[in-house]
Amino acid sequence: MEMFTYTKAAGVPQAIEGGTQAQAKFMAGGTTLLDLMKLNVERPSRLIDINRLPLDQVEKLPDGRLKIGALVRNSDLAHHPTVESEYSVLSQALLQGASAQLRNMATTGGNLLQRTRCMYFRNEAMACNKRSPGSGCSAIEGENRTLAILGTSKDCIATNPSDMNVALTALEATIHIQGAKGEREVSIANFFLVPGNTPQHETVLEPGELITAVTLPAPKAGSKQIYLKLRDRASYEFALSSAAVVAVVNGGKFDYVRVALGGVGTRPWRSLEAERVLHGKAADEKLFRQAAEAALHGAQPQSQNAFKIPLAKRCITHALTLATA
Amino acid sequence: MASQKKSPPVHLSRRSFLSSLGAAGVVATAGPVLATAQTATPVAPMAANSTSETIQGAIPVSLRVNGKQLDLQVDPRTTLLDCLRETMSLTGTKKGCDHGQCGACTVHVNGRRINSCLTLAVMHEEDEITTIEGLGQPGNLHPVQASFVKHDGYQCGYCTSGQIMSAAALLKEKCGPSDADVKELMSGNICRCGAYPNIVAAIQDVRQQA
């Protein structure tokens, strides 16, 4: 690991001031950043410890929204009574991610910025356009069994590994950002970027900008929420395919439905295609299969991950079955 | 061997024995090794400032570990795990993968279990850190430690301190009653020997006593 200067930020303005300096990184839970620093994939020359900033509260806003501070730990968020009862898809997703120890460390803001598990990204000896722009993509001709089939480009097929992000996508979260130029809000749909020919850019965050909070819209009355995660082993493993569904069914028909996918996309994957198929229609298995077909319509498999197409379809179909049971 | 009989009783821990082996060199025969071991300095926490001149870029950090406050100078890159093991000689906490994947390094920070390999020592100035050495002592074992002994919850023992720290924290967490619930919440601790059935039995025994 390369040397860095370490500072503890006393407040958000000081953190942002430090964050705008060259090669600076914010340190929250550390579960991604320190891991990658040990691999020399991340080489910050300044680390700004933001753990003492007052961003660790979950609060219900007067207009019914839920405000989640960027430093709320994944375990605390998963077990928050309002999240458990009103946004259970988020609680389910968090508890199916990582391990109990990591959930005690990882933060809401940090999980949003979790980096891919693509083995070529994590190995500095290998070509990787995300880590070293222009060096090439080793995964396209290499080990790509776990990598993405949606949103890929000729330069990058890395999967976004987060479960939380999939649930936040189905819940239509808003990311609150503060930087040297002031505060702004970005919907989660616009927060993550597809790789295109600049896979090194994963989000719309500008250098020095700090995520301060995530807000969720007022809970959808009468909704049933499911996070279904399929993986190589029963626990402590990243998704091969996952689906977050938030659905309101009235008189057997979908009044409201949101579908987001994990493990298959280069970013958390909202499937407007599946939602269009489902909306207003009678909730039955035939319809679920049509929605799953629509969701995977544009999928582009690599040499080892074509299995993800039927797997993701079954994942969507089963999640919809559970959400409407 | 006659000279050995005249010596005071030898209380060798595995660590002090291995440390003295290293000091004596691998070519030494059994006799000299034992003689060295008897005079070896017991492993103790390094004096707070003994290394400050030699570490470039070291910064001061005050850590509270197992109820004791320690003022240290550490390289900011030092993980909490390395600080516990190398600076404080608290070697009960183990290094396995060093990437948060195996759980051998599990300690408690403010009563919650974390992977000490994925956090920096300098990040824990105001925290209460507990390691396996602070959980229980010989003759006064934590119930989870006693239960691991009773149920033979280990084979080689390398993952055991992490398993026990994880299990002790689990007792205070939201966890369903079944074995499957325990397995899910213990999935961050890998045992390459495969002692899982006895580990789960040890944890369930404590939970049922509580």
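Each value in this text was obtained by applying a stated rule to the coordinates, not by laboratory testing. This one's a predicted model, so the numbers in the text were calculated from it and none came from an experiment. Positions of Cβ are backbone-derived with ideal geometry, glycine not excepted, and every protein chain shown enters the neighbour counts.
State the Cα centre-to-centre distance between segment A:86-110 and segment A:1-28 in whole Å.
25 Å
Per q in 0.14 1/Å, what log10 I(q)/I(0) does a Debye calculation on the alpha-carbon atoms of segment B:88-139 return?
The Cα Debye sum returns log10 ratios of -0.35.
Taking other Cβ within 10 Å of each residue's Cβ, how do A:6, A:120 sort, fewest first?
A:6, A:120
Do any trypsin sites (Lys or Arg not before Pro) in segment A:220-288 lie in a loop, going by DSSP, with at most 11 other beta-carbon atoms within 10 Å of their beta carbon, and if so which?
When the trypsin sites (Lys or Arg not before Pro) of segment A:220-288 are filtered for loop state and at most 11 Cβ neighbours within 10 Å, A:233 remain.
For residue A:203, which sequence-distant residues (separation of 5 or more, or a different chain) have an amide H within less than 5 Å of its own amide H, given hydrogens modelled in the peptide plane?
Amide H to amide H, under 5 Å and 5 or more residues apart or across chains, residue A:203 pairs with A:193.
Just list whichever of A:253/A:308; A:8/B:94; A:60/A:220; A:253/A:313; A:229/A:286; A:8/A:60 have alpha carbons separated by over 25 Å in the model shown.
Those over the limit are A:253/A:308; A:8/B:94; A:8/A:60.
Under the Karplus relation 6.51 cos²θ - 1.76 cosθ + 1.60, θ = phi - 60°, what is the ordered set of whole-Hz ³J(HN,Hα) values for segment B:105-118, x standing for Gly and Pro?
My calculation for segment B:105-118 gives 8, 4, 10, 9, 10, 6, x, 10, 7, 9, 8, 6, 7, 10 Hz in order.
Round to a whole angstrom and tell me the spacing of the C-alpha centers of segment B:108-126 and segment A:175-233.
Measuring centre to centre over Cα atoms gives 27 Å.
Quick one: divide the alpha-carbon radius of gyration of segment B:143-209 by 2.2 N^0.38 Å and tell me what you get.
0.96
Quick one: order B:182, B:74 by neighbouring beta-carbon count within 10 Å, fewest to most.
Fewest-to-most Cβ neighbours within 10 Å comes out as B:182, B:74.
Within straight cross-link reach of residue A:181, meaning Cα distance under 13 Å, which aspartates and glutamates are found once same-chain residues fewer than 8 apart are removed?
Here the aspartates and glutamates satisfying the reach criterion relative to residue A:181 are A:17, A:206, A:209.
What are the residues whose amide H is under 5 Å from the amide H of residue B:107, where those residues sit 5 or more places off or on another chain and H is modelled from the backbone?
Counting only residues 5 or more places away or on other chains, the set is B:114, B:116.
Kindly provide the helix-only [θ] at 222 nm of the protein assembly as shown, computed as the sum of -39,500 (n - 2.57) over DSSP H runs of four or more divided by all residues, to the nearest 500 deg cm²/dmol?
The helix-only estimate for the protein assembly as shown comes to -8000 deg cm²/dmol at 222 nm.
Residue separation times 0.36 nm, minus the C-alpha to C-alpha distance between residue A:293 and residue A:65: what's the value?
78.8 nm
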